[in-house]
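The values are calculated or read from the model by the stated rules, or taken from the named source; none is laboratory data. Note that this is a predicted model, so its numbers are computed, not measured. Note that we place each Cβ from the backbone using ideal geometry, even for glycine, and neighbour counts take in every protein chain shown. Protein only, heavy atoms only, side chains kept; ligands, DNA and RNA dropped before computing areas. Shrake-Rupley method; radii C 1.70, N 1.55, O 1.52, S 1.80 Å.
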Amino acid sequence: MAGPQDQLPLDAALDGETPPAGARWRTALRNPRVIIGGGLVLLLVVVAILAPVIAPFDPVKLAVGKRLLAPELAYPFGTDEFGRDILSRVMHGAHLTLYVGVVAVGIGLLAGVAVGTIAGYAGGWVQSILMRSIDFLYTFPDILIALGLVAFIGPSLTNAMIAIGISVIPYYARVTYGVVLIERHKPYFEAGQVIGAGRWRLIVAHLLPNIVPPLIVVATLGFSAAVLSAAALSFLGLGAQPPDPEWGSMLASGRNYITRSPWILVFPGLAIVVTVLAFNILGDGIRDLLDPRLRQEGR
């Protein structure tokens, strides 16, 4: 399964001058990737927030007499094997998807930034121990690490989010480490050291602001990877548990009806595809705006 490391070079740090905020906004509004990806993400957020209000039915209420109904006016996405409205379950699943992405990316981001900053700033044996540990974890696919952790701590949506967050720490740590190494050798940082600026001032006022732009891109792309990982774990029965309307678990419960009632799988699958594409497109658009090398090429 593709992770953030497949989508962004680790040395994608800001090397040039940052344009004014107004110019960045005007450029963003002219970028079709930002518009399309941002629009789809905004739609997902609105559906997730308003699902309890706009969903036509209770996503977990059983209606055995209406099981396996094909898509029609009353049930646009049809019903599943328990008579539950698939449209309502897909809408409520958007909330779980955002929840999983935010928590998993948050865990990986906070831990990865801490490890990468300490390793890049401290150097010496601290750097060697931390980065060799990260390199060791980096040799394993993120989904494999997540599978092992969930198998150890037990299957549940919460444990799946924690496991996914831990599995992506190496990606954020390596990006942060690479940016810190670049920034700490720049004239402004060396000048701060010469005039006696404190350690925390150098980190907070100089390093962290320059780490933010590339991490925004990595986090946006990593969100889609977290969604895929969560769906995979739920499909295997290690993530969300029935009757939670999580898209991966919906695919798992409907796989026995793929020939008889394919809509049970089609619509949750499309929801996963659209969500992943939305965050990938948005991440590519943000990368175009923040990476000075791409700006200089006129992209």
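A few comments on the model shown:
Every residue, every condition in (1) among the small types (Gly, Ala, Ser); (2) at pLDDT below 90; (3) in a helix (DSSP H, G or I), yes or no:
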site	(1), (2), (3)
GLY65	yes, yes, yes
LEU73	no, no, no
HIS92	no, no, yes
VAL100	no, no, yes
VAL103	no, no, yes
GLY106	yes, no, yes
GLY112	yes, no, yes
ARG132	no, no, yes
GLY148	yes, no, yes
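- Lone unmet requirement of (1) open to solvent by less than 30 Å² (accessible area, probe 1.4 Å); (2) free of Cβ contacts under 8 Å to residues at least 40 places away in the same chain; (3) under 30 Å from SER253 (Cα atoms) for THR158: (1)
- For ASP284: the one exception among (1) open to solvent by 20 Å² or more (accessible area, probe 1.4 Å); (2) closer than 28 Å to GLY37 by Cβ; (3) among the acidic types (Asp, Glu); (4) modelled with pLDDT under 85: (4)
- Test result for VAL41, at pLDDT 90 or above, crowded, with 18+ Cβ neighbours inside 10 Å, in a helix (DSSP H, G or I) and not acidic (Asp, Glu): yes
- Failed condition for GLY22, given (1) open to solvent by less than 80 Å² (accessible area, probe 1.4 Å); (2) modelled with pLDDT of 90 or more: (2)
- Count - residues of segment 139-155 that are in contact (Cβ under 8 Å) with a residue 24 or more places away in the chain and buried (at least 16 other Cβ atoms within 10 Å of the Cβ): 6
To keep it simple, each residue is scored yes or no on (1) surrounded by fewer than 19 Cβ atoms within 10 Å (Cβ to Cβ); (2) touching a Gly at 6+ places or on another chain (Cβ under 9 Å); (3) over 30 Å from ARG260 (Cβ atoms).
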| site | (1), (2), (3) |
| --- | --- |
| VAL45 | yes, no, yes |
| GLY78 | no, no, no |
| ARG84 | no, no, no |
| VAL105 | no, yes, yes |
| ALA119 | no, no, yes |
| TRP125 | yes, no, yes |
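- Each residue in segment 168-185 was checked for being in a helix (DSSP H, G or I), closer than 16 Å to LEU109 by Cβ and either small (Gly, Ala, Ser) or open to solvent by less than 60 Å² (accessible area, probe 1.4 Å) (or both), and 11 of them qualify.
- Whenever a residue of segment 247-260 is on the phi < 0 side of the Ramachandran plot, its partners that are open to solvent by less than 40 Å² (accessible area, probe 1.4 Å) and basic (Lys, Arg), lying with C-beta atoms within less than 9 angstrom and at least six residues away or across chains, give the pairs TRP247/ARG89; MET250/ARG89.
- Elements of type helices (runs of 4 or more DSSP H) contained in segment 186-268, each with 1 or more residues being closer than 22 Å to HIS95 by Cα and small (Gly, Ala, Ser): 208-235, 247-254
- Residue under evaluation TYR138, criteria (1) of a type outside the set (Asp, Glu); (2) within 25 Å of TRP247 (Cα to Cα); (3) modelled with pLDDT under 90, criterion not met: (2)
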